[in-house]
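The values are calculated or read from the model by the stated rules, or taken from the named source; none is laboratory data. Just so it is clear, the model here is predicted, and its values are computed rather than measured. Because the Cβ atoms are built from the backbone with ideal geometry, glycine has one as well, and the counts that use them run over all protein chains shown.
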Amino acid sequence: MSEAEIKNLEAQFDAKIARDEKIEPKDWMPEKYRKTHIRQISQHAHSEIVGMLPEGNWITRAPSLRRKVALLAKVQDEAGHGLYLYSACETLGITREQLYEDLHSGKAKYSSIFNYPTMTWADMGAIGWLVDGAAIINQVPLCSTSFGPYARAMVRVCKEESFHQRQGYEIMLSLCNGSEEQKEMAQDALNRWWWPSLMMLGPTDAASTHTEQSMKWKLKRKTNDELRQQFIDQTVPQAELLGLTIPDPDLKWNDEKGSYDFGAIDWDEFWQVVKGHGPMNKKRLDDRRNAWNDGAWVREAATAYAAKQKLKKEETAQAV
Amino acid sequence: MSQEIPLWEVFIRSKNGLEHRHCGSLHAEDAEMAMNNARDVYTRRNEGVSIWVVESKNITASSPEASGELFEPATDKVYRHPTFYELPEELKHM
C-alpha cells in the first residue's frame, strides 16, 4: 500500500471513531492502534489475573463462611474478567500463549497496586472499597471505547464489579462498628491503601505520554487527573460514614471548584513500583510463573485426552 | 508443547423465547471442556438457559473489504420499505 493510500485509510478510520462507530477486529486499523490496544487490554487482563493473588492470601483465613464465599466469588470473577479481556485482546492477532509469556517474562505490565502486601483481614475490605472503587471509575468510561470487543468485555466486567466494592465496604463497616482494635485495623488498612489507590489511576496528565492519542481513539474518555478527582470526591464522604480519617493532612473541600483539594502524591514511589521495585513485585511474578509451570501437566493431560477421545470416535465410526 | 489450545465461540440464550447471542470466546481442547468452561466463565449469574459452543475455525465470516458488494446493493432499493409508497392521508389501518 502506498503512503497516500494509508493516509486516506487513516483519515477514514479517524472519521469513523469521531462518528462514534465501533472498530471490529477484521476492520482495517492503523498499526499503532492495534499495538496500543494489545498493550492496554493485555495490561488490563494481567491486572485481573495478578489481582487474584493478594486476595487469595486471605481466602483460607476469612473470618466467617459468609466472608469466605463472597471472597471466593470475587476472586473467581477476577479470573473471569481476565478471560474476557484476554479473549478481546486475542482478536487483535496475538496468541494467549504470547500474552502469558509477556507477563511471565516481565515484558508486560499490570496494575502497580497489586505489588503491595495484604497484611491483615482489613486489607480485604480496603481493596474492595478503594481498589475496586478506583477500578470501576477507570472502567465505566471504557464501556464506550472504540474497539468493539474491549467495550463489550468492559460492559460485562462493570456489571459484575459493583458487588466487589460493596462487599469490601461492608467488611470495613463491620470492622468500624466492632472493637477499638478492629477499628484500628480498618484505619491502618486505609492508611496503607489510600495513596497507592490514587496512584493506580495513573500518572498526572502532564506526565502521561499516551493520553492525547488515547483520548482521540476513545481508549480513554477522561484523563487520569479527572478520574483521580472523581475518585477522591466520591470516596471522602464514604470514609466519613465509616468514621475513618483519610491519611492526607492537606485534604480539604474547595467550595469554589466544588471538589476536594488534596496533598502531593509520591510519584517516585509509583515509578519505583512500576519498574519492579515494589514490596511484592517479585513474589507476584514468581507465583504467576509457578502457577503456569505447575499447571503444565493439566494442559498436557487435557490435550492427550482430547486426542484419545477423537481417535476412539473415529475408530468406532469405522467399525460401523 | 507450544501448540495453542483451540479457540471456541460461545453463544448464550438468556431465556426461552430469545435467540442465542454471541457473548465471547474461550480456549478448550474439546466440546465438552468448552461447554464446562463456558458455563463457568459466562453464566456465573444466571445469564443463560442454553449454551452453544462452536470451534472458531468452523465459522466462515464475511470480510469487511467485501462489505460494499455484499451490502450496498440493498441501500438503493428503497421500494422494499413501506414508506416508499405514497398513499392518501385519509387511508386508515394500513
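If a residue has to be out of contact with any His (no Cβ under 7 Å at 6 or more places or on another chain) and either of a type in the set (D, E, K, R) or in a helix (DSSP H, G or I) (or both) to count, how many in region A:91-128 make the cut? Lay out the reasoning, then the answer.
Step one: list which residues in region A:91-128 are out of contact with any His (no Cβ under 7 Å at 6 or more places or on another chain), which gives A:91, A:93-95, A:97-102, A:104-107, A:109, A:111-127.
Those still in the list that are either of a type in the set (D, E, K, R) or in a helix (DSSP H, G or I) (or both) too: A:97-102, A:104, A:107, A:109, A:112-115, A:122-127.
Total meeting the criteria: 19.
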Kindly indicate whether A:Leu9 is touching a Lys or Arg at 6+ places or on another chain (Cβ under 8 Å), assigned to a helix (DSSP H, G or I) and not small (Gly, Ala, Ser). no
Tell me, which residue of region A:66-83 that is among the small types (Gly, Ala, Ser) and closer than 13 Å to A:Leu53 by Cβ is nearest to the other protein chains (Cβ to nearest Cβ)? A:Ala79
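Would a scan of region B:22-45 turn up a residue that is part of a loop (DSSP other than H, G, I, E, B), free of Cβ contacts under 8 Å to residues at least 60 places away in the same chain and more than 14 Å from every other protein chain (Cβ to nearest Cβ)? Steps first, answer last, please.
Kept after step one, since they are part of a loop (DSSP other than H, G, I, E, B), are these residues of region B:22-45: B:28-30, B:43-45.
Going one step further and asking which of them are free of Cβ contacts under 8 Å to residues at least 60 places away in the same chain, we end up with B:28-30, B:43-45.
Those still in the list that are more than 14 Å from every other protein chain (Cβ to nearest Cβ) too: none.
So far as region B:22-45 goes, no, none of its residues is part of a loop (DSSP other than H, G, I, E, B), free of Cβ contacts under 8 Å to residues at least 60 places away in the same chain and more than 14 Å from every other protein chain (Cβ to nearest Cβ).
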Got at least one residue in region A:281-292 being within 14 Å of another protein chain (Cβ to nearest Cβ), in contact (Cβ under 8 Å) with a residue 40 or more places away in the chain and either more than 29 Å from the chain's Cα centre (by Cα) or under 30 Å from B:Met35 (Cα atoms) (or both)? yes
Test each condition in (1) closer than 21 Å to A:Gly133 by Cβ; (2) under 20 Å from the mean Cα position of the chain (by Cα); (3) in a helix (DSSP H, G or I) for A:Ser214 and report the one that comes out false. (1)
Among the residues of region A:298-312, write down those that are at the interface with chain B (Cβ under 10 Å from one of its Cβ atoms) and surrounded by fewer than 14 Cβ atoms within 10 Å (Cβ to Cβ). A:Glu300, A:Ala301, A:Ala304, A:Ala307, A:Lys310
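Return the only residue of A:Ser112, A:Ser144, A:Ser208 being more than 30 Å from A:Trp28 (Cβ to Cβ) and either under 14 Å from the mean Cα position of the chain (by Cα) or surrounded by fewer than 21 Cβ atoms within 10 Å (Cβ to Cβ) (or both). Working first, answer last.
Numbers: A:Ser144 fails: more than 30 Å from A:Trp28 (Cβ to Cβ); A:Ser208 fails: more than 30 Å from A:Trp28 (Cβ to Cβ).
Among A:Ser112, A:Ser144, A:Ser208, only A:Ser112 is more than 30 Å from A:Trp28 (Cβ to Cβ) and either under 14 Å from the mean Cα position of the chain (by Cα) or surrounded by fewer than 21 Cβ atoms within 10 Å (Cβ to Cβ) (or both).
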Pairs returned, first residue in region A:52-66 that is within 16 Å of A:Asp132 (Cβ to Cβ), second residue that is of a type in the set (Phe, Trp, Tyr) and at pLDDT 95 or above, beta-carbon separation under 8 angstrom, 6 or more apart or interchain, are A:Leu53/A:Phe114; A:Pro54/A:Phe114; A:Pro54/A:Tyr116; A:Trp58/A:Trp121
Of A:Ile49, A:Ile113, A:Ile136, which residue is in contact (Cβ under 8 Å) with a residue 24 or more places away in the chain and within 14 Å of chain B (Cβ to nearest Cβ)? A:Ile49
For region B:67-75, check the following and say yes or no: at least one residue is assigned to a loop (DSSP other than H, G, I, E, B) and surrounded by 10 or more Cβ atoms within 10 Å (Cβ to Cβ). no
What pairs come out if I take residues in region A:147-175 that are more than 11 Å from chain B (Cβ to nearest Cβ) and pair them with residues that are crowded, with 17+ Cβ neighbours inside 10 Å and among the aromatic types (Phe, Trp, Tyr) whose C-beta lies under 7 Å away, six or more apart or interchain? A:Val157/A:Tyr84; A:Gln165/A:Trp129; A:Gly168/A:Trp129; A:Tyr169/A:Trp129; A:Met172/A:Trp129
